[in-house]
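As structure tokens, the structure follows; a few thoughts come after it.
The values are calculated or read from the model by the stated rules, or taken from the named source; none is laboratory data. These numbers come from a predicted model, not from an experiment. Cβ placement follows ideal geometry from the backbone for every residue including glycine, while neighbour counts extend to all protein chains displayed.
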Amino acid sequence: MRRFISIACRSVITLVCLTFIACGKKEEPKGRPPVPVSVAAAVQKDVPLQVRAIGNVEAYNSVAIKSQVNGTIARVHFTEGQDVQKGALLFTIDPRPFEAALRQAEANLARDLAQMRNAQEQARRYGALLKDGIVTQEQYDQLKANAEALTATVAADRASIENARIQLGYCYIRSPISGRTGNLAINVGNMVKANDVPVLVTINQINPIYATFAVPERDMVDIRKYLAMGKLKVEALVTGEEAKPEEGSVSFLDNTVDTATGTIKLKGTFANQGRRLWPGQFVNILVTLTTRANAVVIPSQAVQTGQQGQFVFVVKPDSTAEQRPVVTGISHEGFTLIEKGVRPGETVVTDGQMRLVPGAKVTVKQGLGTGDRGPAKPVETSGK
């Protein structure tokens, strides 16, 4: 019996010791260390809403110069790449055959005029003789018909002279617009034919100039809305000179959406006084729709996506992180417009969110603060 009691006491003591050891192993640290994060302040700015696209520059007017008569190029009155004014003489085609044709038509007119006057005088005389019964009605009618036929011949001769003058005028090819000449395809001494190819030269009008671009159809509603209110400002950014964009206005909205690409075509018109835009050039296009006054903007990397939607971590005054759902707007160049969820001046976490949980303590990484990380930049309608 004593032996049994002794064994039982040793067992109880062993169990108590093991319990103390287990409890000691489960002891938690007093607190988790703060999570290092990068932060930025939500700022309130007047933000322009913009649409971004890739555009292609087109000439405002483009004319392919062709000959309207057959002949030999006698003279070229310009050099390739020269600016020419409307009406400037470009080519001279040998005019001698057309001058001879004009003189021949004028001679035919003189001959037929003389014959017409003689026929009309004879018809007048026979008319008087018919009244006296000296000639028959048939004789008079024949002379009268002859006079009328010669009158028609004279009218045809005058038309022939006019046509000969037009053909002679085609020997002097003039510029129909003011613009810049391109490559000269045919030189002096070459034979040309009416409306033949290749064209003699192409003239492009580059002051003003077009930029054609396409935007997704989802942006069409906003574009039509603001275009109905007035002119829409459009900027063309030339590669390497983005700091000095060319400014113009939207002048054309196509009447159909391209079903293959889901885009709609627009054109912007630019004065192009400095001739920085050139036909065929690719440029970045920014169309400013309107300006959102007092919009709240934060860096885009602060916005996270979870099972419940988009959210941000806001740093509270006690240096703890609060997970807050947000409603985002449009984004551009690293910034996102916040429609709902963040107030101006609040501090949001931009880096280190993976280690955060609601209520966790945070510390700002060395060299980074909670101040404004710069002015809000323009944002675009892409990403609605």
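Within segment 52-111, being under 33 Å from the mean Cα position of the chain (by Cα) and β-branched (Val, Ile, Thr) holds for Ile54, Val57, Val63, Ile65, Thr79, Val84.
Restricting attention to segment 214-231, report how many residues are surrounded by fewer than 12 Cβ atoms within 10 Å (Cβ to Cβ) and either β-branched (Val, Ile, Thr) or not assigned by TED's automatic domain parsing to the domain that holds Pro48 (or both). So the count comes out to 1.
Residues checked against (1) of a type in the set (Asp, Glu); (2) at pLDDT 95 or above; (3) not in a helix (DSSP H, G or I):
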residue: Thr14; (1), (2), (3): no, no, no
residue: Ala22; (1), (2), (3): no, no, no
residue: Ala40; (1), (2), (3): no, no, yes
residue: Tyr60; (1), (2), (3): no, yes, yes
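If I go through segment 276-303 residue by residue, how many of them are over 19 Å from Lys233 (Cα atoms) and not aromatic (Phe, Trp, Tyr)? Matching residues across segment 276-303 total 13. Would it be correct to say that Val57 is within 30 Å of Phe270 (Cα to Cα) and either buried (at least 18 other Cβ atoms within 10 Å of the Cβ) or in the same structural domain as Ser160 (by TED's automatic domain parsing) (or both)? Yes, satisfied. Could you tell me how many of the residues in segment 120-178 are under 60 Å from the mean Cα position of the chain (by Cα) and not hydroxyl-bearing (Ser, Thr, Tyr)? Counting residues in segment 120-178 that are under 60 Å from the mean Cα position of the chain (by Cα) and not hydroxyl-bearing (Ser, Thr, Tyr) gives 21.
Out of segment 232-254, which residues are over 15 Å from the mean Cα position of the chain (by Cα) and either free of Cβ contacts under 8 Å to residues at least 40 places away in the same chain or surrounded by 14 or more Cβ atoms within 10 Å (Cβ to Cβ) (or both)? Walk me through how you get there before you give the answer.
The first filter runs over segment 232-254 and keeps only residues over 15 Å from the mean Cα position of the chain (by Cα), leaving 239-244.
Hits for segment 232-254 are Gly240, Glu241, Ala243, Lys244.
Which count do you get for residues in segment 208-266 that are part of a helix (DSSP H, G or I) and under 16 Å from Arg52 (Cβ atoms)? Lay out the reasoning, then the answer.
Step one: list which residues in segment 208-266 are part of a helix (DSSP H, G or I), which gives 217-229.
Now narrow it down to the ones that are under 16 Å from Arg52 (Cβ atoms): 217-220, 222-223, 226.
Selection size over segment 208-266: 7.
Would segment 169-180 turn up any residue that is in a helix (DSSP H, G or I) and surrounded by fewer than 17 Cβ atoms within 10 Å (Cβ to Cβ)? Yes: segment 169-180 contains one or more residues that are in a helix (DSSP H, G or I) and surrounded by fewer than 17 Cβ atoms within 10 Å (Cβ to Cβ).
From the list Val135, Val63, which residue is β-branched (Val, Ile, Thr) and without any contact (Cβ under 8 Å) to a residue 12 or more places away in the chain?
Val135
For segment 236-250, the criterion of a residue being of a type in the set (D, E, K, R) and touching a strand residue (DSSP E or B) at 6+ places or on another chain (Cβ under 6 Å) is satisfied by at least one position. Checking each residue of segment 127-150 against the condition of being farther than 30 Å from Phe252 by Cα and in contact with a Leu (Cβ under 6 Å, 6 or more places away or on another chain) gives at least one match. Scanning segment 131-143 for residues that are on the phi < 0 side of the Ramachandran plot and either surrounded by fewer than 16 Cβ atoms within 10 Å (Cβ to Cβ) or outside any helix (DSSP H, G or I) (or both) turns up Lys131, Asp132, Ile134, Val135, Thr136, Gln137, Glu138, Gln139, Asp141, Gln142. In segment 31-44, the residues that are farther than 15 Å from Ile338 by Cβ form Cβ pairs under 8 Å with partners that are outside any strand (DSSP E or B) and among the basic types (Lys, Arg), at six or more places apart or across chains, as follows: Val35/Arg355; Pro36/Lys365; Val37/Lys365; Ser38/Lys365.
Which fully enclosed strands (runs of 3 or more DSSP E) of segment 272-325 have 1 or more residues being more than 15 Å from the chain's Cα centre (by Cα) and charged (D, E, K, R)? Step through it out loud before you land on a result.
Values: elements: 282-299, 304-306, 309-315, 321-325.
Passing ranges, in order: 282-299, 321-325.
Are any residues in segment 357-384 surrounded by fewer than 20 Cβ atoms within 10 Å (Cβ to Cβ) and at pLDDT 50 or above, and if so, which ones? Answer for segment 357-384, where residues must be surrounded by fewer than 20 Cβ atoms within 10 Å (Cβ to Cβ) and at pLDDT 50 or above: Val357, Pro358, Gly359, Ala360, Lys361, Thr363, Val364, Lys365, Gln366.
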